[in-house]
Amino acid sequence: MSKLINIAHELPYILERSEDLQYEVIPKSHIFGSGLEDFYKEQKSIWLGRPRKNKGDLSKNERERLEKEFHKNNCYPVYTSKKEHAKFLDGFSITTIWPLFHYFTENTVYKEEFWEAYVNINQKYADEVMPLLEIGDKVWIHDYHLMLLPQMIREKFPCTSHFPLMRSSDCCHGAGRYWRDSWDLTL
């Protein structure tokens, strides 16, 4: 039976410290209070994304414990370094893509190191989702943070479909080879 794989910049859960200073996995209320719970269950949905903590913020033992908790909630965390995440999010996603897509082209900042981090983080997501994919699965990629991901997935797993939230053009240096036709994944 196929499943729906939701891939987003962040998981629908956050990590909060409890009284004993251990992190706990807590659902974001706006995700599961939206009335879509039955849909997610019906689709056998799983989630892949960042747990709002960088790899260096947690010990190896803590990450392993939390991964078990995330897996109980059908979530698969993607960890990145603080430096790489800053270049990916604050760098390319926010200072390059966001202004372009919102008609503030005069505010667009492009740096090669931001682009490289964007590609690397998208590749990390692709590497994390590959073991979870099965023929017939649907992949729903949320938002502009992961626009390279459809093509990266298709290159290694061509029998995948997804539901894009936007279509882009070749508006950023080097992105064309990934974005061109990457939105047309079908079974």
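The values are calculated or read from the model by the stated rules, or taken from the named source; none is laboratory data. Quick caveat, the model's predicted, so the values are computed rather than measured. Here Cβ is always computed from backbone atoms with ideal geometry, including for glycine, and neighbour counts include all displayed protein chains.
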**Request:** Collect the residues in region 152-163 that are within 15 Å of the chain's Cα centre (by Cα) and at pLDDT below 90, keeping them in residue-number order.
**Result:** His162, Phe163
**Fill in**
Scanning region 10-23 for residues that are more than 15 Å from Glu67 (Cα to Cα) and buried (at least 20 other Cβ atoms within 10 Å of the Cβ) gives none
**Asked** Which of the residues that make up region 80-96 are assigned to a loop (DSSP other than H, G, I, E, B) and crowded, with 18+ Cβ neighbours inside 10 Å?
**Response** Thr80
**Item:** Any chance Lys68 is loosely packed, with under 14 Cβ neighbours inside 10 Å and not polar (S, T, N, Q)
**Value:** yes
**Item:** Answer residue from region 97-136, given it is polar (S, T, N, Q) and part of a helix (DSSP H, G or I) and is farthest from Ala86 (Cα to Cα) among those
**Value:** Thr105
**Prompt:** Got at least one residue in region 80-88 being at pLDDT 95 or above and more than 16 Å from Lys53 (Cβ to Cβ)?
**Reply:** yes
**Item:** Filter pass, Asn6 being modelled with pLDDT of 90 or more, surrounded by 12 or more Cβ atoms within 10 Å (Cβ to Cβ) and under 28 Å from Val119 (Cβ atoms)
**Value:** yes
**Request:** Could you list all residues from region 35-48 that are loosely packed, with under 11 Cβ neighbours inside 10 Å and either outside any helix (DSSP H, G or I) or modelled with pLDDT of 90 or more (or both)?
**Result:** Gly35
